[in-house]
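The values are calculated or read from the model by the stated rules, or taken from the named source; none is laboratory data. Small disclaimer: the values here were computed from a predicted structure and weren't measured. Neighbour counts run over all protein chains shown; Cβ positions are idealised from the backbone, glycine included. Note: areas computed on protein heavy atoms with side chains; ligands, DNA, RNA excluded. Shrake-Rupley method; radii C 1.70, N 1.55, O 1.52, S 1.80 Å.
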Amino acid sequence: VLEAGSGAEEFKPGDRVACAGAGYANHAEIAVVPRNLVTRVPEVVSLEEAATVALGAIALQGVRRAQLSLGEKIGVIGLGFLGQLTVQILKAAGCKVYGLDLESARVAQAKSFGLDAAPDAGLDPVEGAKRFSEGHGLDTVLLTAATKSDEPLLLAMQMARRKGRIVVVGDVGLAARREAMYAKELDL
């Protein structure tokens with residue numbers, strides 16, 4: 001902190017803080033950020049670790065938006081940094097997690113964080129999701145991928161159960177096919 005404005009008197013120059021918020025917490029040497037987008041960084045946390053606060057908040061918000069229940073079977077499409085955090089939060093929430101990524105190393109890393117299953121090599125991911133969910137489909141699919149393609153969304157619609165939920169957390173194409181959404185009564 002260089003300076004704290006009125007309403008943020010709990011912060012003093014020299015305090016270590018992390019901040020997040022589109023339009024405020026930009027990648028810059030100096031940023032002016034509203035009080036509600038700033039948190040103090042404890043001394044036991046490095047600034048490198050604190051730099052992940054925004055991604056952690058995004059992953060947590062995706063899980064919150066999914067309105068999950070203990071024991072649900074959840075899919076995560078995209079196991080980059082955001083997907084890895086999402087898997088860990090889902091496991092801590094008592095969910096069973098099925099994950100997909102184009103890179104096998106990311107799948108292996110997610111398994112080390114508790115990922116329950118991923119499609120076997122050569123197995124159709126939709127078929128894998130059906131097996132994982134005992135034929136019902138996934139309760140929720142979180143999209144944490146980054147691609148302009150609509151394929152992750154279309155895949156999520158196929159993997160979700162009837163009246164399932166799809167939560168877009170990443171940056172994916174959003175050309176949904178109405179008939180696929182309508183037939184299963186999916187929430188997006």
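Here is how the numbers come out for the structure above:
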read-out: Backbone N under 11 Å from the Ala92 label point (7 Å along Cα→Cβ), restricted to segment 34-58; value: 56-57
read-out: Percent accessible area from carbon and sulfur atoms, segment 1-44, protein chains only, probe 1.4 Å; value: 55 percent
read-out: Neighbourhood net charge (15 Å Cβ-Cβ; Lys/Arg +1, Asp/Glu -1) for Ala50; value: -2
read-out: Whole-number D in µm²/s for segment 63-120 (Stokes-Einstein; Kirkwood sum over Cα pairs; 20 °C, 1.002 mPa s); value: 194 µm²/s
read-out: Net charge, Gly94 excluded, C-beta distance under 14 Å - Lys, Arg +1, Asp, Glu -1; value: 0
read-out: Segment 14-86 and segment 148-188: distance between their alpha carbon centers, rounded to Å; value: 25 Å
read-out: Tensor-based shape of segment 97-188 (alpha-carbon gyration tensor, a/c under 1.5 rounded, otherwise prolate or oblate); value: oblate
read-out: Counting DSSP beta bridges with both ends in segment 1-101, the antiparallel % (nearest 5); value: 40 percent
read-out: At R0 = 45 Å, FRET efficiency that the Cβ-Cβ distance of Leu123 and Asp15 yields, to 0.05; value: 0.30
read-out: Potential extension, Asn26-Glu49 segment - 0.36 nm per residue separation minus Cα distance; value: 6.6 nm
read-out: For segment 1-72: Kirkwood Rh in Å [reciprocal of mean 1/r, alpha carbons]; value: 13.8 Å
read-out: Accessible surface of segment 61-180, 1.4 Å probe, proportion on carbon and sulfur as whole %; value: 49 percent
read-out: Solvent-accessible heavy-atom area per residue, rounded to whole Å², over the chain at 1.4 Å; value: 58 Å²
read-out: Kirkwood estimate for the chain, i.e. one over the average of 1/r between Cα atoms, Å; value: 17.9 Å
